[in-house]
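Quick notes on the structure that follows.
The values are calculated or read from the model by the stated rules, or taken from the named source; none is laboratory data. Keep in mind it's a predicted model, so treat the numbers as computed, not measured. Glycine also receives a Cβ, built like all others from the backbone with ideal geometry; neighbour counts cover every protein chain displayed.
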Amino acid sequence: MRRGLVLGPFLGMLWTLVMATSVAIVFSFATGNAARPGLWGSLLLGAVCGGLALWPMPRLAKLACGVLIAFGSGLISGAVVLGDGVAPARHALVALVLGLAVTGPLMAMLAGIGRGALSRHEAERAVIRFLTGFGYVFFTAIVAIPFYVMVMTSLKSQQELLANPLDFSIDLSRGLDLFRSYKELFRDFHFGRYMWTSFYVSVLTVLITLAFSIPGAYAVARLRFRGRAVLARSILLIYMVPMIVLALPIYIAFSLTGLRNSIVGIVMIYPVTTIPVALYMLQGYFRGLPGEVEEAGLMDGLNRLQVIWKITLPLSLPALASVSLYVFMIAWNEFLLAFMLLDDPAKFTLTRGVTMLNSSEIPRQHLMAGAVIATVPIMVLFLGLEKFMTRGLTAGSVKG
């Protein structure tokens with residue numbers, strides 16, 4: 001497969017099949033009408049577009065010609081097969097979208113590829129471009145499709161779900177009534193209280209975790225003492241024991257001490273699961289900090305605690321932000337311990353409250369709305385702190 005006239009159509013067929021599947025899924029979810037990729041139509045269209053991408057002509061003209069050919073071929077060849085009763089305008093729109101999705105990326109994949117013999121480097125470069133594009137499409141799909149289904153289902157009424165559970169389109173004419181499930185969750189199921197409980201439990205977990213992990217990680221990274229290497233290597237040993245194995249001992253101990261069904265018990269047990277990973281993350285970061293800065297502080301008369309507070313922690317803000325966010329996410333999403341230890345609905349965390357919705361007596365859209373409420377805040381928090389976490393605050397702290 002070292003000739004362009006073979007590689008181009010071959011990659012074109014594979015890419016068109018990927019795009020036809022993607023367009024069919026998007027169309028089905030957006031309109032509620034069944035659609036599927038047509039195997040032979042996709043292969044034929046891909047071979048034509050792959051061969052066209054190798055043709056020596058101006059890029060803009062090649063793109064326009066490719067879209068027109070893909071549009072016409074898409075209508076004729078059935079690269080995307082729509083169900084009965086779909087309007088001709090939608091057939092044309094699907095063919096146009098498929099043409100754009102096939103032609104543009106194929107031109108980028110096969111850029112610099114001729115119709116004749118290819119070197120190994122040229123062939124590998126085209127294949128890598130195809131695999132990169134496929135990876136973007138695949139991983140976007142496995143993340144976006146479940147979230148889309150969850151959100152769309154939460155916006156439906158009970159009648160719509162019973163009429164067609166696989167229809168993930170929404171009726172915008174309902175207006176604010178689309179959010180009826182969310183309103184009922186906060187009004188009838190006390191989800192505002194669950195969110196507040198999860199929030200302050202997660203914040204307390206972060207504070208307790210940092211209070212123990214910062215000095216512990218600093219001691220492992222900077223101080224010299226007997227057993228230091230063993231301690232550093234054994235920090236994550238707790239994760240070798242599945243939490244389900246510890247569930248029964250924890251339940252018995254908390255029942256005997258009166259900590260079961262209490263927020264205090266939850267706040268006590270959550271840091272046990274987060275401190276080891278925080279220790280591991282922070283001790284690795286502390287080791288990477290320039291020791292000269294701390295030595296200079298000690299020479300200026302600071303004691304070890306002052307060095308940690310005034311020098312090490314300010315330099316470690318990116319790591320502290322990363323650890324805090326990670327611990328917050330663990331505490332916010334934790335389910336097993338909350339399900340096992342909490343029985344009183346007045347003390348439920350958000351994940352425990354969502355589980356309560358998994359009942360045949362509660363409409364399915366309420367469960368999906370609860371899942372959206374549990375997912376969106378942590379997603380927004382992560383996206384908001386992402387830049388701060390990756391900011392290199394240690395740059396320039398030591399000059400050679």
Margin query: Need the failing condition index for Val376 against (1) hydrophobic (A, V, I, L, M, F, W, C); (2) crowded, with 20+ Cβ neighbours inside 10 Å; (3) over 22 Å from Thr209 (Cα atoms), just the number.
Written below: (2)
Notebook entry, point to check: Of all residues in the stretch 44-66, which are at pLDDT 70 or above and touching a Leu at 6+ places or on another chain (Cβ under 9 Å)?
Noted result: Leu45, Gly46, Cys49, Gly50, Gly51, Leu52, Ala53, Leu54, Cys65
Checklist line | Candidates Glu334, Glu386, Glu295, filtered to the one that is modelled with pLDDT under 85 and either of a type outside the set (D, E, K, R) or under 18 Å from the mean Cα position of the chain (by Cα) (or both) | finding: Glu386
Check: Can you tell which of Ala319, Ala346, Ala296 is in a helix (DSSP H, G or I) and surrounded by 15 or more Cβ atoms within 10 Å (Cβ to Cβ)?
Finding: Ala319
Margin query: Please go through the stretch 244-300 and give me each residue that is closer than 30 Å to Leu315 by Cα and among the aromatic types (Phe, Trp, Tyr), ordered by number.
Written below: Tyr270, Tyr280, Tyr285, Phe286
Checklist line | Per-region count, the stretch 137-192, residues in contact (Cβ under 8 Å) with a residue 40 or more places away in the chain and acidic (Asp, Glu) | finding: 2
Item checked: Selected residue (only one of Ala126, Ala117, Ala87 is closer than 22 Å to Leu44 by Cα and either in the same structural domain as Ile25 (by TED's automatic domain parsing) or at pLDDT 80 or above (or both)) -> Ala126
Next item on the list: Go through the stretch 83-118 and count every residue that is in a helix (DSSP H, G or I) and over 24 Å from Leu131 (Cβ atoms).
Entry: 9
Check: What is the residue count in the stretch 149-168 for residues that are surrounded by fewer than 16 Cβ atoms within 10 Å (Cβ to Cβ), in a loop (DSSP other than H, G, I, E, B) and under 24 Å from the mean Cα position of the chain (by Cα)?
Finding: 1
Note to self: With the requirement that a residue be within 20 Å of the chain's Cα centre (by Cα) and either over 30 Å from Ile373 (Cβ atoms) or in a loop (DSSP other than H, G, I, E, B) (or both), what does the stretch 119-148 give you?
What the structure shows: Thr132, Gly133, Phe134, Gly135
Next item on the list: Hey, can you tell me all the residues within the stretch 299-316 that are part of a helix (DSSP H, G or I) and touching a helix residue (DSSP H, G or I) at 6+ places or on another chain (Cβ under 8 Å)?
Entry: Arg304, Gln306, Val307, Ile308, Lys310, Ile311, Thr312, Leu313, Leu315
Next item on the list: For the stretch 260-280, name all the residues that are free of Cβ contacts under 8 Å to residues at least 40 places away in the same chain and surrounded by 13 or more Cβ atoms within 10 Å (Cβ to Cβ).
Entry: Met268, Val272
Next item on the list: Please work out if Arg180 is surrounded by 16 or more Cβ atoms within 10 Å (Cβ to Cβ), outside the structural domain of Leu282 (by TED's automatic domain parsing) and within 29 Å of Glu361 (Cβ to Cβ).
Entry: yes
Checklist line | Qualifying position, being in contact with a helix residue (DSSP H, G or I) (Cβ under 9 Å, 6 or more places away or on another chain) and either closer than 30 Å to Tyr285 by Cβ or among the aromatic types (Phe, Trp, Tyr) (or both), among Leu336, Leu357 | finding: Leu336
Next item on the list: For the stretch 190-205, state whether one or more residues are within 17 Å of Val277 (Cα to Cα) and either surrounded by 22 or more Cβ atoms within 10 Å (Cβ to Cβ) or small (Gly, Ala, Ser) (or both).
Entry: yes
Check: So which residues in the stretch 82-135 are β-branched (Val, Ile, Thr) and either exposed (fewer than 14 other Cβ atoms within 10 Å of the Cβ) or out of contact with any Gly (no Cβ under 8 Å at 6 or more places or on another chain) (or both), if there are any at all?
Finding: Val86, Val97, Val127, Ile128, Thr132
Note to self: Looking for something more than 22 Å from Ser324 (Cα to Cα) and assigned to a loop (DSSP other than H, G, I, E, B) - is there at least one such residue anywhere in the stretch 188-210?
What the structure shows: yes
Note to self: Checking the structure you have, find out if any residue of the stretch 232-255 is without any contact (Cβ under 8 Å) to a residue 40 or more places away in the chain, touching a Leu at 6+ places or on another chain (Cβ under 6 Å) and over 22 Å from Leu305 (Cβ atoms).
What the structure shows: no
Checklist line | Single condition Ser262 does not satisfy, out of (1) of a type in the set (Gly, Ala, Ser); (2) modelled with pLDDT under 85; (3) under 35 Å from the mean Cα position of the chain (by Cα) | finding: (2)
Margin query: Among the listed residues Gly74, Gly41, Gly12, identify the single one that is surrounded by 20 or more Cβ atoms within 10 Å (Cβ to Cβ), part of a helix (DSSP H, G or I) and at pLDDT below 75.
Written below: Gly74
